[in-house]
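Worksheet: the structure to be examined is printed underneath.
The values are calculated or read from the model by the stated rules, or taken from the named source; none is laboratory data. Since this is a predicted model, take the numbers as computed values, not measurements. Here the Cβ is made from the backbone with ideal geometry for all residues, glycine too, and neighbour counts use every protein chain on show. Remember, those area values only see protein heavy atoms, side chains included, never the ligands or the DNA or RNA. Shrake-Rupley method; radii C 1.70, N 1.55, O 1.52, S 1.80 Å.
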Amino acid sequence: MSFMSRILELESFDFDGHFQEVTSADVENSLRKDELREQDLFNLLSKTAQDYLEPMARKAQKLTRQHFGNIISLYAPLYISDYCSNACVYCGFNCGVQFPRTKLTIEEIEREAAAIAATGMRHILILTGEAPAQTPISYLEEAVTVMKKYFSSIALEIFPMDEEEYRVLCKAGADSLTVYQETYDREVYKEMHPRGRKADYEYRLLTPERGARAGFRALNIGALFGLGEPRKEACLAALHAHYLEQEFPDVEISLSLPRMTKAKGIIEPKNILSDIDFVQFMLAWRLFMPRLGITISTRESAEFRDRLVHLGATRFSSGSKTGVGEYSLKNHHDATVQFEVTDDRSVDEVADMIRQSGYQPVFKDWELV
Amino acid sequence: MMSTIQTQDDTLYFGDVAFSSRLLTGTGKFASGDIIAPMLAASGSELITVALRRVDPNAKEKDILQYIPKSVRILPNTSGARTAEEAVRIARIAREAGCGDFIKIEVITDMKYLLPDNAGTLRATEILAKEGFIVLPYMMPDITVTKQLHDAGAAAIMPLGAPIGTNRGLEMKPMIKRIIEISKLPVVVDAGIGRPSQAAEAMEMGADAVLVNTAIATSHDPVAAGKAFALAVQAGRMAYLAQLAEEKEYAEASSPLTGFLRS
């Protein structure tokens, strides 16, 4: 049994039809409940529920404060390689996009790590493109080992691996794994990932499960909004998170809502996720899973992120640079980025905003011993 | 007439360390570390728990420990530990970091409800008590485990009232009552207490102390909330010591008609 069986089960399910059938009474009923079931998730993700955003927001804020308190955890992403053998049509690292590829040496990684750590950040997310030949497990293991000198929590957003490979990285000190399914719609997935290792939908879908079995203590998943139909994606991402929560009770589960932004070689998003949908999805997720981590990246604008602090977000990236070597080695104009950062405020500026919003920015909330 | 309770020594001991306040507090979930010192002053709390995973001696900003006045004792906790072995390692690091000999054991493998793993908690308690720690284990209310923790050298028993952060109060009341009856160690009701009235109820029941974090930290005015909980804990303690009459399920006349037969 894996989440793949659930996906197959839901393939004949008429998501659109079900969302349209939701009435105001259904939404009100779901809002009154303390513990939500799958049908309630549906109700709260429907268009009808957009008339109830304020009560949803109030309940979401209350639940978030109850379970996470008045704090927002901070992390920074570090891109160590932009080599990629995949042809994802929406990605700036797509192998078909011509630009000088870079991979940091271990010494350069250490310099970048030191530059990020100097901002006070203790949580790091290491990212690569998918090119095992360029960034083999031995390289990643070494990178994690060096990072351990500077950070108390190391998360990975790298290409999907086998369980045994993940074990090696956990042993080296990585504690958290991020892997986005990009789209849960198998047809759209096929279209977006025409070749390369990433074309294997099932292998990617089951990555979080392999990660959990290998010993990662936190999993961050999600869909890349802009590819599939947003409501269906939001629903399946939440069901995936819920499945993982039930299956791996000792693992902390988070969801992200990355929205497509511009990058070289990128396609126009098929389905634009509006701000209102974005907020509704976040709120519905919070009400469905009160202990769920919700991560907000710098893809979102500063003004929008300032509002999301109050609506159930638990983790913010900040001071992000999405080009390889951008923290200490290159200036912004030289770097080819995977996506454009919209909130380009410094770590200090983001921390100040969090404080002014009545929350505490937390730079260290983790220690692997 | 002077009340009997005012003449009693009502000091609370964990190990051989004495406390006059029976309200333990926490550092998590506050909107700002700056509120911790005034909250402690208002609540009179003398023991505050700190997640070691949040301690960063090299922090660019003020470290969490620096917000705690010297007069208040730190109770480092092993939050984040999923096994007894991890809890033990965290405790040792805390001691080396200068956090003292107190340790609150939290071994949690359930990230949804954050319910403690009693078997792991017991194992960590056994090891750390032998190493001279003053061990306060957070546990699911269980009579057998209470006895085992006692034998393992714990300094207190910390059953949860309700899951962490739920503010649901004494959901575990019947079990906690049994623990209070049998425990030779101080019983601290930890987690779930959301209102001063619930804290008072725990104290009336005979709990030796309560630990409150979320309800204070996420209130609109943590200083006032700290004070309110302190007063509730004092009232509950006083009521317990006064040995208030028990609830009865049947009516009992205050002047029994047959009383003369026994006089």
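Residues that are surrounded by fewer than 22 Cβ atoms within 10 Å (Cβ to Cβ) and either within 13 Å of chain A (Cβ to nearest Cβ) or of a type in the set (Asp, Glu) (or both) within the stretch B:103-119 comprise B:Thr109, B:Asp110, B:Met111, B:Lys112, B:Tyr113, B:Leu114, B:Leu115, listed in sequence order. Could you tell me whether the stretch A:201-216 includes any residue that is of a type in the set (A, V, I, L, M), within 30 Å of A:Ser274 (Cβ to Cβ) and out of contact with any strand residue (DSSP E or B) (no Cβ under 8 Å at 6 or more places or on another chain)? Taking every residue of the stretch A:201-216 in turn, none turns out to be of a type in the set (A, V, I, L, M), within 30 Å of A:Ser274 (Cβ to Cβ) and out of contact with any strand residue (DSSP E or B) (no Cβ under 8 Å at 6 or more places or on another chain).
Selection of the stretch A:122-144 for residues being more than 29 Å from A:Asp348 (Cβ to Cβ) and in a helix (DSSP H, G or I) yields A:Ile137, A:Ser138, A:Tyr139, A:Leu140, A:Glu141, A:Glu142. Please determine whether any residue of the stretch B:221-229 is in contact with a Lys or Arg (Cβ under 6 Å, 6 or more places away or on another chain) and either crowded, with 20+ Cβ neighbours inside 10 Å or under 26 Å from B:Ile105 (Cα atoms) (or both). The answer is no; no qualifying residue exists.
Residue check: A:Gly211 meets all listed conditions (1) buried (at least 18 other Cβ atoms within 10 Å of the Cβ); (2) more than 30 Å from A:Leu368 (Cβ to Cβ) but one, namely (2).
Within the stretch A:122-168, the residues that satisfy the criterion of being at pLDDT below 90 and either out of contact with any strand residue (DSSP E or B) (no Cβ under 9 Å at 6 or more places or on another chain) or within 14 Å of chain B (Cβ to nearest Cβ) (or both) are A:Glu130, A:Pro132, A:Ala133.
Checking each residue in the stretch A:5-48 for being open to solvent by 90 Å² or more (accessible area, probe 1.4 Å) and within 26 Å of the chain's Cα centre (by Cα) picks out A:Glu9, A:Glu11, A:Glu35, A:Arg37, A:Gln39, A:Lys47. Condition test on B:Ile157, is it open to solvent by less than 60 Å² (accessible area, probe 1.4 Å) and either modelled with pLDDT of 95 or more or acidic (Asp, Glu) (or both)? Taking the combined requirement at face value, the residue satisfies it. The single condition among (1) more than 14 Å from every other protein chain (Cβ to nearest Cβ); (2) surrounded by fewer than 22 Cβ atoms within 10 Å (Cβ to Cβ); (3) touching a residue at least 24 places away in the same chain (Cβ under 8 Å) that A:Gln66 does not meet is (1).
Table: residues versus (1) open to solvent by less than 10 Å² (accessible area, probe 1.4 Å); (2) under 18 Å from A:Met192 (Cβ atoms); (3) in contact with a Phe, Trp or Tyr (Cβ under 7 Å, 6 or more places away or on another chain); (4) within 14 Å of chain B (Cβ to nearest Cβ).
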position	(1), (2), (3), (4)
A:Phe225	yes, yes, no, no
A:Lys232	no, yes, yes, no
A:Asp250	no, no, no, yes
A:Ile276	no, no, no, no
A:Gln280	yes, no, no, no
A:Pro290	no, no, no, yes
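Per-residue answers, yes or no, for (1) in contact with a helix residue (DSSP H, G or I) (Cβ under 7 Å, 6 or more places away or on another chain); (2) farther than 20 Å from A:Phe13 by Cβ:
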position	(1), (2)
A:Gly215	yes, yes
A:Pro230	yes, no
A:Ala234	yes, no
A:Gln246	no, no
A:Pro249	no, yes
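Counted as qualifying within the stretch A:1-103 are the helices (runs of 4 or more DSSP H) with 3 or more residues that are within 25 Å of A:Phe248 (Cβ to Cβ) and not charged (D, E, K, R), namely A:3-10, A:38-45, A:53-68. Among the residues of the stretch A:346-363, those that are without any contact (Cβ under 8 Å) to a residue 60 or more places away in the chain and assigned to a helix (DSSP H, G or I) comprise A:Glu349, A:Asp352, A:Met353, A:Arg355, A:Gln356. Given the condition acidic (Asp, Glu) and free of Cβ contacts under 8 Å to residues at least 40 places away in the same chain, answer yes or no: does some residue in the stretch A:193-216 qualify? Yes.
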